[in-house]
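Accompanying notes for the structure given below.
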Amino acid sequence: MRSALSVAAALLAGLTAACMGGPSGNANVPEPAEPVALNRYLGVWYEIARYEQRFEKGCEGVTAEYTLRPDGMVGVKNTCREGAPDGPVKVADGKAKVVEGSKGAKLKVSFFGPFFGDYWVLDRAEDYSWSIVGEGSGRYLWILSREPVLSDAERDALIGRVKAMGYDTGMLKIVKQPPGD
């Protein structure tokens with residue numbers, strides 16, 4: 001199993017590469033649609049679907065947990081189960097800061113050293129039950145939910161929102177979550 005440090009380094013490399021453009025061909029990445037109240041965004045999110053990236057290759061049962069740190073930054077804990085929804089757990093811990101003037105919808109995230117990558121909440125439910133996350137290049141995309149499993153209709157509706165934003169939904173990988181989570 002890879003160490004959390006190597007996972008964090010791979011994530012950093014991926015986020016750094018995001019600044020250079022990506023394979024989606026999406027030159028018109030949308031700006032976030034809604035402001036984000038950080039206190040409502042904190043907590044656990046389940047990954048429903050994503051654009052597959054090297055640093056998440058083979059990951060199922062993926063969660064992201066956001067907490068407020070004493071220094072005012074956001075603690076980020078990404079958890080993946082290797083190979084299967086009940087596979088071995090690997091964790092990457094990081095930190096994030098809200099981008100000034102973004103109405104809380106853009107963050108800068110770091111898993112290694114002083115390097116920060118973009119994290120944009122492109123769209124979200126009014127009740128914060130789901131969110132669609134990306135960044136400026138269009139190379140990265142995640143559909144997140146407060147529930148580990150959505151109905152087919154709910155998942156398809158979110159994929160439809162992603163498509164309406166101009167993303168290639170054929171690139172989405174549906175993530176399997178552990179039963180009973």
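Each value in this text was obtained by applying a stated rule to the coordinates, not by laboratory testing. Just so it is clear, the model here is predicted, and its values are computed rather than measured. Please note: Cβ atoms are built from the backbone with ideal geometry, for glycine as well, and neighbour counts cover all protein chains shown.
At a glance:
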{"quantity": "Radius 12 Å from Cβ of residue 171, net charge of other residues (Lys, Arg +1; Asp, Glu -1)", "calculated": "+2"}
{"quantity": "Label-point gap, in nm, between residue 69 and residue 174 - each point 7 angstrom along Cα→Cβ", "calculated": "3.7 nm"}
{"quantity": "5 angstrom amide H check on residue 59, placed H, neighbours 5+ away", "calculated": "83"}
{"quantity": "Expected-Rg normalisation [2.2 N^0.38 Å, Cα atoms] applied to segment 52-122", "calculated": "1.21"}
{"quantity": "Cleavage-rule hits (trypsin sites (Lys or Arg not before Pro)) in segment 100-164: DSSP loop, at most 16 neighbouring Cβ within 10 angstrom", "calculated": "103, 146"}
{"quantity": "Inter-label distance for residue 44 and residue 57, nm, one decimal - labels placed 7 Å from Cα along Cα-to-Cβ", "calculated": "2.9 nm"}
{"quantity": "Whole-angstrom gap from segment 117-181 to segment 61-113, using each part's C-alpha centre", "calculated": "16 Å"}
{"quantity": "Under the Karplus curve 6.51 cos²θ - 1.76 cosθ + 1.60, θ = phi - 60°, whole-Hz ³J(HN,Hα) for segment 40-46, x wherever Gly or Pro sits", "calculated": "7, 7, 4, x, 8, 10, 9"}
{"quantity": "Under 17 Å from the Cα of residue 97 - aspartates and glutamates, other chains or at least 8 residues apart", "calculated": "65, 71, 118, 135"}
{"quantity": "Proximal lysines relative to residue 173, as straight alpha-carbon distance under 18 Å, when same-chain residues fewer than 8 apart are discounted", "calculated": "57, 163"}
{"quantity": "Equivalent ellipsoid semi-axes - Cα gyration tensor, segment 58-181, angstrom", "calculated": "23, 20, 14"}
{"quantity": "Loop-resident sites, segment 74-163, for GluC sites (Glu not before Pro), counting at most 11 other Cβ within 10 Å (DSSP)", "calculated": "100, 126"}
{"quantity": "In sequence order, calculated HN-Hα J values of segment 115-130 (Karplus, 6.51, -1.76, 1.60; Hz; x Gly/Pro)", "calculated": "8, 10, x, 6, 9, 10, 7, 6, 7, 7, 6, 4, 8, 6, 7, 8"}
{"quantity": "Residue 154-residue 129 pseudo-label distance in nm [points 7 Å out on the Cα-to-Cβ vector]", "calculated": "0.6 nm"}
